[in-house]
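The values are calculated or read from the model by the stated rules, or taken from the named source; none is laboratory data. What you see is a predicted model; the values in this text were computed from it and never measured. Here the Cβ positions follow ideal geometry from the backbone for every residue, glycine too, while neighbour counts run over all protein chains shown.
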Amino acid sequence: MIQLAWRFLLFQKDSALAQCFRTRATDARGGTRKTMIVALARKLRIAFWRLTTTGEYL
């Protein structure tokens, strides 16, 4: 999921999740960026779960 989150940032630059990550992690140190990418991976996992169970996205 972590690798998927990095890929998501690379290819979905205009999405709300990517913009939120970039605003919070622009001036952050390495440890903070790692924490933020784990949080993004968690949000993506929840979004995928919702998509597969209910058909809704966010």
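Quick look at the numbers
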| item | result |
| --- | --- |
| Cross-chain or 6+ apart pairs with Cβ under 8 Å, region 45-58 first and closer than 16 Å to Ser15 by Cα, then of a type outside the set (A, V, I, L, M) and modelled with pLDDT under 90 | Ala47/Tyr57 |
| Test for Ala47: is it modelled with pLDDT under 95, outside any helix (DSSP H, G or I) and surrounded by 11 or more Cβ atoms within 10 Å (Cβ to Cβ) | no |
| Residue within region 16-26 that is part of a loop (DSSP other than H, G, I, E, B) and either in contact with a Ser or Thr (Cβ under 9 Å, 6 or more places away or on another chain) or surrounded by 12 or more Cβ atoms within 10 Å (Cβ to Cβ) (or both) present | no |
